[in-house]
1. Picking from Thr101, Thr105, Thr114, which residue would you name as being within 17 Å of the chain's Cα centre (by Cα) and either in contact (Cβ under 8 Å) with a residue 60 or more places away in the chain or over 25 Å from Glu191 (Cβ atoms) (or both)?
2. Determine which member of the set Pro230, Pro169, Pro248 is open to solvent by 20 Å² or more (accessible area, probe 1.4 Å) and either out of contact with any strand residue (DSSP E or B) (no Cβ under 7 Å at 6 or more places or on another chain) or small (Gly, Ala, Ser) (or both).
3. Of all residues in the range 230-266 being in a loop (DSSP other than H, G, I, E, B) and touching a helix residue (DSSP H, G or I) at 6+ places or on another chain (Cβ under 9 Å), which is nearest to Ala287 (Cα to Cα)?
4. Which one is most open to solvent (accessible area, probe 1.4 Å), of the residues in the range 251-265 that are modelled with pLDDT of 95 or more and of a type in the set (Val, Ile, Thr)?
5. When you check Arg214 against the structure, is it in contact with a Pro (Cβ under 6 Å, 6 or more places away or on another chain) and open to solvent by 20 Å² or more (accessible area, probe 1.4 Å), yes or no?
6. If you take just the strands (runs of 3 or more DSSP E) that sit entirely in the range 331-444, which of them hold at least 3 residues that are free of Cβ contacts under 8 Å to residues at least 60 places away in the same chain?
7. Quick one: count up the residues across the range 372-430 that are among the basic types (Lys, Arg) and more than 26 Å from Gln279 (Cβ to Cβ).
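The values are calculated or read from the model by the stated rules, or taken from the named source; none is laboratory data. Note that this is a predicted model, so its numbers are computed, not measured. Positions of Cβ are backbone-derived with ideal geometry, glycine not excepted, and every protein chain shown enters the neighbour counts. Protein only, heavy atoms only, side chains kept; ligands, DNA and RNA dropped before computing areas. Shrake-Rupley method; radii C 1.70, N 1.55, O 1.52, S 1.80 Å.
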Amino acid sequence: MRGLEEKIRTLQLPTGVRWCPRRMTNRSRGRRWYAVRGSDAVRVVLPVRVSRRDFKKVPKGAEDAAAHPIIEEIKRRSREEPDLYPLSGKLLDHKKVRKLTEPCTVVRLHGFRTPPIWMPGKSNRVLRRSREVLLTVRMLFPPDWSEERVLDGVYAALDALREVVLEIPRKEILRTCDVVLDQRELREQLERGEIEHRGKRVVSLIGDGARPARRLTDVRRHHRIAGPKPDPHIPFEVPEDHDADLVPLEIELPRTGERKRFLPIYEGELFAIAGANAQGKTTLINAVEAGQDDHAPGDGREYVITVRRTAKAEAGVKRMNGEDVSLFFRELPPGYEGTPENVRGLASGSMKMAAEIQRTLEEGAKILFIDEDKAAVNLLVPGVLTKELEGIRTLVEVRDEITSRGVTIVAATGVLDDFTAAADRAIVMEDHRPKPLNLREFRARLARYYLERARRYRSNAESPESD
């Protein structure tokens, strides 16, 4: 297909459209641009620049955000306008073309592998100085099309693409820029420790009206990249209860000037999200984790802002090759080699989770996420048999050693009342809505519950029938 590639490079383009010469050199061929005829399709990838005079008004630092509404509108119209069909793969009956037009409400992902979705980035952004938008366009044509027909299709698609770029309302572009810049500025303030509340540094903010629930698809299979769940979708309401130390933080957004209420999560605390099954605990903890990403208007997580250094600890099976678990294990169980500071062997769920927590401390993460449903329970709370048989120091017992280093633990808790009671602050999810949980009252109720259980056990133990 070198002949087709050369013909594409010399193609007379529509007015206002030009190739990106730096990305169409022979050295970059095959990585940034190509034309390949396969058995199922002719695949063409081209970096183009489309001019628009008011791109000079795009704020500095929001060049990728400005490209987001353009890309999404091109995706939408490529399913409706024949000239744009090559961009959606609609000319083909191909199962894999969905990723070409899969909607995306995320502008930038941090520390997460970019999925195969067309979204803003280095190859798709506004170039303020030249007043252009750089777009890396992927097209699919039927495999039996001649080179001339493919060239005609490329020209028609680029001409229709130019029209889309020019028709996007400037207000929509600037609105996306402002929303993304608000997130980035607040996140930078969190990173620098400049946002404080009640004398404590804040590491995460959950805004009033946030919509954390996600809808996964075959292409967007992870909650970080997934789009919002359709209605009914219950928005987050910031809980307020001074007795539970849940006091909203009101912030004036740096870019838009809008005042917004947030639930702050503090540095060095254990913050529990409690509740029964299917009430939104994991959904909310996932949203807090995704707060390190930049979201476009309509995503629902635009004002869930989190510092970028986060980690998760989960149970599972893992081959240990010198990991340190000495914070939790004073001696190794049978079947392992080495020492607690240098473990080798196939790890159990608790051993893997212990290693992940210690790695979190070594790597300097600011937030550690723990979901009870995915955790090793014997590593979270103490029990009589686990103390006698395993000798593990649990997370409840070592939490002060973790939080004293400035690490925040955000945990989704359900039936482990001891874990919830160990928190500094907590909310409880009821009917998918956050409610304040007064931990003093909860601990008192828990103490009465344990006393009643203790009397019952003692009575059973002293009963003649127990002999």
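1. Thr105
2. On inspection, the qualifying residue turns out to be Pro169.
3. Phe236
4. Ile251
5. Numbers: in contact with a Pro (Cβ under 6 Å, 6 or more places away or on another chain): no; open to solvent by 20 Å² or more (accessible area, probe 1.4 Å): yes.
No; evaluated as a whole, the condition is false for this residue.
6. So the answer is 337-339, 342-347.
7. So the first thing to find is which residues in the range 372-430 are among the basic types (Lys, Arg), and the list is 374, 387, 393, 399, 405, 425.
After this cut, where a residue has to be more than 26 Å from Gln279 (Cβ to Cβ) as well, the list is 387, 393, 405.
Qualifying residue count for the region: 3.
Residues checked against (1) surrounded by fewer than 16 Cβ atoms within 10 Å (Cβ to Cβ); (2) within 21 Å of the chain's Cα centre (by Cα); (3) closer than 16 Å to Val137 by Cα:
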residue	(1), (2), (3)
Arg52	no, no, no
Pro69	no, yes, yes
Glu80	yes, no, no
Asp83	no, no, yes
Leu92	no, no, no
